[in-house]
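Derivation of every value follows stated rules applied to the coordinates shown; laboratory data play no part. Quick caveat: nothing in here was measured; it's all calculated off a predicted structure.
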Amino acid sequence: MRKKSDLPTKTCLTCGLPFAWRKKWERDWDNVKYCSDRCRANAKSGAKGG
């Protein structure tokens, strides 16, 4: 078992907050840009901020 602090992280393009790797993103980690569905929807609507 790995500690959460040992997992890779990225910064969300919409809200700018860091987020850590999740098991469900295992096969698609290189293409993950947003920390949540809410941020992804806000990015598509052109809104900025979290």
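In the chain, Cα pairs under 8 Å separated by at least six residues give a relative contact order of 37 percent. The Cα trace of the chain gives Rg and Dmax of 11.7, 39 Å, the first to one decimal, the second as a whole number.
The count of lysine pairs in the chain with alpha-carbon distances below 17 Å, taking only pairs 8 or more places apart or on different chains, stands at 11.
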